[in-house]
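Notes follow the structure.
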Amino acid sequence: MSSDLLPLIPLGILFVLGAIAGQGVNAWVRRMSLKPSIQPLSRCQTCGERFPRWKLIPLLRWIPLQNRCRKCLISLPRSEFLLELATGGLFILFYFMVVQERCLEIPAVVPPGFMFEWRLLYHYLLLILLVAATSIDFREYLIPDQITMPGMLIGVVGATIAGQLQIVHVWVDWNQAIPGLSGPYIPEWIKVHSHWHGLAWSLAGLIAGGGLTWVLRLVSSVLLGQEALGFGDVTLMAMIGSFVGWQPILLILLLAPLCGLLIGFVSRMVTGKTYLPYGPYLCAATLIVLMGWKWIWLAEWPSTVAGAPPEFSIRHLFGDALGLAILAGIALGALILMLLLLRGYRAIPVKRR
């Protein structure tokens with residue numbers, strides 16, 4: 001199937017596929033729960049009574065008919081319905097951004113032929129893993145290895161076998177580009193050995209995601225006197241890195257504190273909760289970077305001198321050691337600021353409603 005035919009796929013089919021994926025995540029999350037008695041989706045979570053068979057059909061099972069257990073009269077969990085609905089919507093949104101807006105296509109990184117479809121499927125697998133991690137972290141305040149370890153394996157093996165799934169090469173230097181004459185510098189071995197390159201960029205992302213988050217975990221422990229990032233957050237970022245590479249990881253770490261602060265303060269005012277799992281905000285930042293990648297990578301701040309090259313652009317930082325150090329420092333500073341605000345945030349007196 002050509003990428004030109006992809007827009008012909010009905011959005012309704014994507015929504016249903018997303019809802020089915022969401023139901024699968026619900027079943028998977030239940031199995032990973034730490035609660036002493038876990039029931040499958042076919043049974044009431046409270047008493048174990050079996051639901052009618054039609055109540056296992058995604059979306060249709062939420063029709064307001066027999067939505068209470070016949071034995072204990074407990075309603076179906078509304079959070080599971082919202083997860084199915086949100087996953088269906090996410091499938092449509094991601095499809096629109098990738099296929100219609102070409103959000104992942106940047107100069108010098110365009111997947112050849114059918115690799116467009118394989119990369120789309122590859123990132124849909126990442127979306128499902130992110131939804132699962134977000135769901136269980138909100139429910140159980142943990143991200144199990146059953147999600148992140150297979151995710152890392154899928155990320156690395158898929159990148160290696162396909163060889164053309166990257167959204168940016170493991171190394172590309174735009175500082176050597178000559179406008180109108182030549183593009184960025186890309187090492188020759190990347191063009192010749194695509195499968196080895198797939199292994200290289202995926203492992204580089206895995207190491208950068210896990211390693212940097214581990215460092216941030218240590219810093220947060222010193223600043224707050226307790227762990228603000230769990231080991232699950234470390235493995236989550238390693239998994240994300242194996243799908244996107246090391247450059248997006250820096251931007252995800254930069255955006256995640258902002259996502260955490262915005263949603264955290266709203267949650268505190270509404271529910272009075274003082275503890276916020278950080279994994280969902282890493283997932284939210286990942287979605288923002290993925291669906292805005294083209295515009296983030298190509299963003300430029302024009303020079304004040306007429307005819308001069310841009311004063312600043314994100315892509316130029318990734319080919320310069322000093323620029324990388326500055327970007328990493330900004331990401332670390334953003335996290336430190338968030339943690340200091342979090343300390344004050346927990347001290348805000350709020351009456352529960």
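Could you check the stretch 295-353 and list, in sequence order, the residues that are open to solvent by 80 Å² or more (accessible area, probe 1.4 Å), more than 30 Å from residue 185 (Cβ to Cβ) and at pLDDT 65 or above? The answer is 337, 340. The residue that is farthest from residue 277 (Cα to Cα), among those in the stretch 134-144 that are out of contact with any Cys (no Cβ under 7 Å at 6 or more places or on another chain) and either open to solvent by 20 Å² or more (accessible area, probe 1.4 Å) or outside any helix (DSSP H, G or I) (or both), is 144. Taking only the stretch 188-207 into account, find how many residues are among the charged types (D, E, K, R) and either within 16 Å of residue 250 (Cβ to Cβ) or in contact (Cβ under 8 Å) with a residue 12 or more places away in the chain (or both). The total comes to 0.
Just one residue in the set 225, 245 is modelled with pLDDT of 80 or more and on the phi > 0 side of the Ramachandran plot; that residue is 245. Of all residues in the stretch 147-170, exactly one satisfies the criterion of being open to solvent by less than 10 Å² (accessible area, probe 1.4 Å) and over 19 Å from the mean Cα position of the chain (by Cα), namely 163. Scanning the stretch 235-258 for residues that are open to solvent by 20 Å² or more (accessible area, probe 1.4 Å) and under 13 Å from the mean Cα position of the chain (by Cα) turns up just one, 255. Could you say whether any residue in the stretch 104-114 is part of a loop (DSSP other than H, G, I, E, B), among the aromatic types (Phe, Trp, Tyr) and farther than 25 Å from residue 26 by Cα? Yes, the stretch 104-114 contains a residue that is part of a loop (DSSP other than H, G, I, E, B), among the aromatic types (Phe, Trp, Tyr) and farther than 25 Å from residue 26 by Cα.
Before we move on, is residue 120 in contact (Cβ under 8 Å) with a residue 12 or more places away in the chain, open to solvent by 10 Å² or more (accessible area, probe 1.4 Å), closer than 15 Å to residue 88 by Cα and touching a Phe, Trp or Tyr at 6+ places or on another chain (Cβ under 9 Å)? Against the criterion (in contact (Cβ under 8 Å) with a residue 12 or more places away in the chain, open to solvent by 10 Å² or more (accessible area, probe 1.4 Å), closer than 15 Å to residue 88 by Cα and touching a Phe, Trp or Tyr at 6+ places or on another chain (Cβ under 9 Å)), residue 120 does not qualify. When the stretch 128-158 is filtered for residues that are among the β-branched types (Val, Ile, Thr), under 21 Å from residue 35 (Cβ atoms) and at pLDDT 95 or above, the ones remaining, listed by number, are 131, 147, 148.
Go through the residues of the stretch 145-157 one by one and say whether even a single one is hydroxyl-bearing (Ser, Thr, Tyr), farther than 17 Å from residue 204 by Cβ and either free of Cβ contacts under 8 Å to residues at least 12 places away in the same chain or in a helix (DSSP H, G or I) (or both). Yes, the conditions are met somewhere in the stretch 145-157. Considering the stretch 181-192, and only residues there that are open to solvent by less than 90 Å² (accessible area, probe 1.4 Å) and over 28 Å from the mean Cα position of the chain (by Cα), the residue that is modelled with the lowest pLDDT turns out to be 182.
The values are calculated or read from the model by the stated rules, or taken from the named source; none is laboratory data. Keep in mind it's a predicted model, so treat the numbers as computed, not measured. Positions of Cβ are backbone-derived with ideal geometry, glycine not excepted, and every protein chain shown enters the neighbour counts. Just the protein is used for accessible areas: all its heavy atoms, side chains included, with ligands, DNA and RNA removed. Shrake-Rupley method; radii C 1.70, N 1.55, O 1.52, S 1.80 Å.
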